[in-house]
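Please read the structure below before turning to the comments.
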Amino acid sequence: MTKNNIKILAIESSCDETAAAVVENGRKVLSNVISSQIAIHTVYGGVVPEIASRKHLENIDEVIGQALEQAHCTWDDIDAIAVTYGPGLVGALLVGVAQAKALAYALNKPLIGVHHIEGHIAANYISNPEWEPPFLCLIVSGGHTHLAVIKDYGENWIVGHTRDDAAGEAFDKVARAIGLGYPGGPKVQKAALEGDPAAIHFPRPCIDEEGYDFSFSGLKSAVLNYLNQQEMKGETISRGDVAASFQQAVVEVLTAKTMQAAKEFGFDKVAMAGGVSANQALRDAMIKACEKNQYEFSVPELILCTDNAAMIGSAAYYQYIKGNFADLSLNALPNLPLGSKN
């Protein structure tokens, strides 16, 4: 590849954000357009897959057009088309994959399929341009909680994962239980500011176990049991205390496991990625723990923590320079695994 500045148009539609971006050389974001469906799905208390797919179909052409316009690019300036092909909601993924394949075919551009979680990891390369593998990464989102060794660009080795609920899923379920609604993560964080994180002792699942797997189902159940017991006793429930105490339990488990893994595997570079990495209590705890252990720490800026296409464009660049292209048989894979498991 002799061209110096590689511009990739990236598409992300794995859940309820329709997004498109133009990214140059994997680290420079020329545009990052996100059309959110949160207001629509809030009515239903969570994402409705059929509605998400329909909205992607309605929005995707406009979002791509805006991404090109904001980047001051024409199709002639674009070197490749990248798209998230998994994991995610199958109908939502199919909209983005079909669009990307049509564009790549019509424009005779290379097509790059990107793993959604590899995109989240790559968000660190945008927010911290000097950041490079190898490093340890905690990946926390609504559907995933992983600890992974990032050996190289696109080469990941999973050392721990969740056995049941992901951290973000637990946030959503607890938010619903205490009447905060959807989306759970931001609403629990806001409620926790008015509560005492030491008011209620909830369990810290897996924190003292060997290995680096997580489990949040028991913690969620402990919160539900507490709420039921208080209700049966006729006692007032402080939503702030419940939110703060639950959040503190999640943060302690995630931070402790990450520090244990960094020590065992000899990493002095630690990163976070995924929607839950936007949680301020978790960010503060990880910063403090990394400073204590003298580890370098990276976390994307908030707009790059949640689903977006810039992160997909970043991950795609490193496939582009390896010549790792997809053909028109590329399909949506809703349960696409990440890397290898220890």
> Residues in region 259-278 that are within 17 Å of the chain's Cα centre (by Cα) and not in a loop (DSSP other than H, G, I, E, B): how many?
Replying inline: 8
> For region 166-186, how many residues meet the condition of being more than 13 Å from ILE38 (Cα to Cα) and part of a loop (DSSP other than H, G, I, E, B)?
Replying inline: 4
> Which one of these is over 23 Å from VAL47 (Cα atoms) and part of a helix (DSSP H, G or I): GLN248, GLN189?
Replying inline: GLN248
>> Being of a type outside the set (Lys, Arg), modelled with pLDDT under 95 and within 25 Å of SER298 (Cβ to Cβ): is that true of GLY119 here?
In response: no
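Each row is one residue, and each column tells you yes or no for (1) buried (at least 18 other Cβ atoms within 10 Å of the Cβ); (2) in contact with a Ser or Thr (Cβ under 7 Å, 6 or more places away or on another chain); (3) in the same structural domain as LEU282 (by TED's automatic domain parsing); (4) charged (D, E, K, R).
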residue	(1), (2), (3), (4)
LYS220	yes, no, yes, yes
ASN228	no, no, yes, no
GLU235	no, no, yes, yes
ASP241	yes, no, yes, yes
> Pick from region 144-192 the residues that are aromatic (Phe, Trp, Tyr) and more than 30 Å from GLN319 (Cα to Cα): which of them is surrounded by the most Cβ atoms within 10 Å (Cβ to Cβ)?
Replying inline: PHE171
>> What pairs come out if I take residues in region 1-22 that are part of a strand (DSSP E or B) and pair them with residues that are at pLDDT below 90 and surrounded by fewer than 24 Cβ atoms within 10 Å (Cβ to Cβ) whose C-beta lies under 6 Å away, six or more apart or interchain?
In response: GLU17/SER36
>> Looking only at region 46-56, filter to residues that are assigned to a helix (DSSP H, G or I) and of a type outside the set (Lys, Arg); which one of those is surrounded by the fewest Cβ atoms within 10 Å (Cβ to Cβ)?
In response: GLU50
>> Can you find a residue that is buried (at least 16 other Cβ atoms within 10 Å of the Cβ), assigned to a helix (DSSP H, G or I), out of contact with any His (no Cβ under 8 Å at 6 or more places or on another chain) and not aromatic (Phe, Trp, Tyr) anywhere in region 25-45?
In response: yes
>> Pull out all pairs, ordered by first then second residue, where Cβ-Cβ is under 8 Å, the residues are six or more apart or on different chains, the first lies in region 250-277 and is surrounded by fewer than 18 Cβ atoms within 10 Å (Cβ to Cβ), and the second is of a type in the set (Phe, Trp, Tyr).
In response: GLN260/TYR212; ASP268/TYR295
>> Please list, ordered by residue number, the strands (runs of 3 or more DSSP E) wholly in region 57-165 having 1 or more residues that are closer than 30 Å to CYS206 by Cβ and not assigned by TED's automatic domain parsing to the domain that holds PRO337.
In response: 135-140, 145-152, 155-161
>> Quick test for you: out of ALA315, ALA332, pick the one residue that is in a loop (DSSP other than H, G, I, E, B), among the aliphatic types (A, V, I, L, M), surrounded by 23 or more Cβ atoms within 10 Å (Cβ to Cβ) and in contact (Cβ under 8 Å) with a residue 60 or more places away in the chain.
In response: ALA332
> Is it the case that ALA281 is touching a helix residue (DSSP H, G or I) at 6+ places or on another chain (Cβ under 6 Å), in the same structural domain as VAL114 (by TED's automatic domain parsing) and not in a strand (DSSP E or B)?
Replying inline: no
> Out of curiosity, is LYS7 basic (Lys, Arg) and more than 22 Å from the chain's Cα centre (by Cα)?
Replying inline: yes
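The values are calculated or read from the model by the stated rules, or taken from the named source; none is laboratory data. Quantities reported herein were computed from a predicted structural model and do not represent experimental measurements. As a convention, Cβ positions derive from the backbone with ideal geometry for all residues, glycine included, and neighbour counts pool all protein chains shown.
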